[in-house]
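Visitor: Submitted below is the structure of interest, expressed as structure tokens.
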Amino acid sequence: MDGVPPLPLEVDDEFLSVDGGVQPSGRLSYMAGFAYLARLFKVLSGCIVRHRTLAADPSSVPDKSKLMRWVTTSLEDVQSLLAQLPEELQPENISHDGPPSVFGTQAANLYVTALCIELSLVSTGRSLSRPCLGLSSFHY
């Protein structure tokens with residue numbers, strides 16, 4: 001991720017040392033959900049920039065087909081990231097009965113965020129294909 005600090009080590013506190021640390025194999029770090037969420041937010045930030053640019057000046061998009069390709073690629077990136085999630089962060093681990101687990105809460109956050117990003121991407125795509133539904137009616 002260019003221009004941003006690196007993601008933190010996916011190592012739980014009890015395994016950190018002055019040399020970094022190593023998370024035991026087979027034990028997912030609590031930082032894993034945060035790292036996946038940060039990757040999702042990178043897609044969201046790109047979408048927000050494009051949304052605001054279109055809302056401010058719809059004629060500022062010189063090549064709509066290029067932007068549509070970005071939308072399509074970004075949707076694929078979100079789905080790919082969700083497919084890469086470890087078992088502990090899959091939606092089956094979201095507790096519906098009893099107290100939520102840490103990973104269940106992280107899974108819920110990841111999937112809600114992914115849905116918001118997908119909605120934003122689809123909205124961007126629609127604004128390109130249907131100028132009458134442009135983003136100028138959205139207020140930030």
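Visitor: Restricting to segment 32-66, what's the tally of residues that are in contact (Cβ under 8 Å) with a residue 24 or more places away in the chain and part of a helix (DSSP H, G or I)?
Guide: Summing the residues that are in contact (Cβ under 8 Å) with a residue 24 or more places away in the chain and part of a helix (DSSP H, G or I) in segment 32-66 gives 23.
Visitor: Restricting to segment 67-125, and then to whatever is over 17 Å from the mean Cα position of the chain (by Cα) and either in a loop (DSSP other than H, G, I, E, B) or among the hydroxyl-bearing types (S, T, Y) (or both), can you tell me which residue is surrounded by the most Cβ atoms within 10 Å (Cβ to Cβ)?
Guide: I94
Visitor: Here are some conditions: (1) under 17 Å from the mean Cα position of the chain (by Cα); (2) at pLDDT below 90. V18 meets all but one. Which one does it not meet?
Guide: Here V18 clears every test but (1).
Visitor: Working only within segment 12-67, note down all residues that are among the β-branched types (V, I, T) and either in contact with a Phe, Trp or Tyr (Cβ under 9 Å, 6 or more places away or on another chain) or more than 25 Å from P91 (Cβ to Cβ) (or both).
Guide: V18, V22, I48, V49, T53, V61
Visitor: Taking the condition in contact with a helix residue (DSSP H, G or I) (Cβ under 9 Å, 6 or more places away or on another chain), closer than 21 Å to P86 by Cα and among the small types (G, A, S), does G33 pass?
Guide: Working: in contact with a helix residue (DSSP H, G or I) (Cβ under 9 Å, 6 or more places away or on another chain): yes; closer than 21 Å to P86 by Cα: yes; among the small types (G, A, S): yes.
Against the criterion (in contact with a helix residue (DSSP H, G or I) (Cβ under 9 Å, 6 or more places away or on another chain), closer than 21 Å to P86 by Cα and among the small types (G, A, S)), G33 qualifies.
Visitor: Out of the residues in segment 1-53 meeting the condition of being closer than 30 Å to V122 by Cβ and of a type in the set (F, W, Y), tell me which one is surrounded by the fewest Cβ atoms within 10 Å (Cβ to Cβ).
Guide: F41
The values are calculated or read from the model by the stated rules, or taken from the named source; none is laboratory data. Values in this document were obtained by computation on a predicted structure and should not be read as measured data. A quick note on method: Cβ atoms are made from the backbone with ideal geometry, for glycine too, and the neighbour counts reach across all protein chains shown.
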